[in-house]
1. Could you state the angle between the C-alpha long axis of helix 44-54 and the longest principal axis of the C-alpha atoms of the chain, as a value from 0 to 90 degrees rounded to the nearest 10?
2. Helix 153-164: angle to the longest alpha-carbon principal axis of the chain, degrees 0 to 90, nearest 10?
3. Can you give the calculated 222 nm mean residue ellipticity of the chain, where each DSSP H run of n ≥ 4 adds -39,500 (n - 2.57) and the sum is split over every residue, rounded to the nearest 500 deg cm²/dmol?
4. How much length is gained if the chain between residue 152 and residue 41 is pulled fully straight, taking 0.36 nm per residue apart and subtracting their Cα-Cα distance, in nm to one decimal?
5. Work out how far the C-alpha atoms of the stretch 82-133 reach from end to end along every principal axis, then list the three figures in whole Å, largest first.
6. For a Förster distance of 41 Å, can you work out the FRET efficiency between the beta-carbons of residue 116 and residue 22, rounded to the nearest 0.05?
7. Would you calculate the convex hull of the Cα atoms in the stretch 3-67 and tell me its volume per residue in Å³?
8. In whole angstrom, how long is each semi-axis of the equivalent ellipsoid of the chain, when you take the square root of 5 times every eigenvalue of its Cα gyration tensor and sort them from largest down?
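Each value in this text was obtained by applying a stated rule to the coordinates, not by laboratory testing. Bear in mind the structure is a predicted one, so any value in this text is a computation, not a measurement. Cβ: placed from backbone, ideal geometry, glycine included. Neighbour counts: every protein chain shown.
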């Protein structure tokens, strides 16, 4: 088990040191980010390990993974594009943006999916807290999480093409 502790002992300890000993559960989100960074999803074993490190039940960790759109419990592409389709963003063209992007990538226009080359996953999510800059998406990769705001299908495809050619 202890994969995180074996691979990233200093980083895990640095995260844990930020919280009082009786509040280790506050470290759950940063630890999940470390667990996800390498393979772009958090496995059941990763969730169990994070739970063990902070002293909570694995179901508590799984609940957090399920709630937040920045964590994944299934493998996906190297690059994940999350398009906010909440009502305020939809009123600013998010639905049309999602449909256009998915059409260009040959994905389901309402649910997204992963491109044939396996490099990019597109999905609709609720509220990324940038309604005034919609259409927008959050890009996740091993390098981090980045917002791309005021997007058009053309500007998004330019970025996707760059990512696919890396």
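1. The angle comes out near 50 degrees.
2. 50
3. Working: 8 runs with 74 residues, N = 166.
So the helix-based figure for the chain works out to -12500 deg cm²/dmol.
4. Values: separation 111, 0.36 × 111 = 39.96 nm, distance 2.78 nm.
Residue separation times 0.36 nm, minus the Cα-Cα distance, leaves 37.2 nm.
5. 33, 16, 15
6. Working: r = 50 Å, r/R0 = 1.21.
The calculated FRET efficiency here is 0.25.
7. Numbers: hull volume 4.8 nm³, N = 65.
Given the Cα convex hull of the stretch 3-67, per-residue volume reads 74 Å³.
8. Details: eigenvalues 208, 57, 36 Å².
Working through the eigenvalues yields semi-axes of 32, 17, 13 Å.
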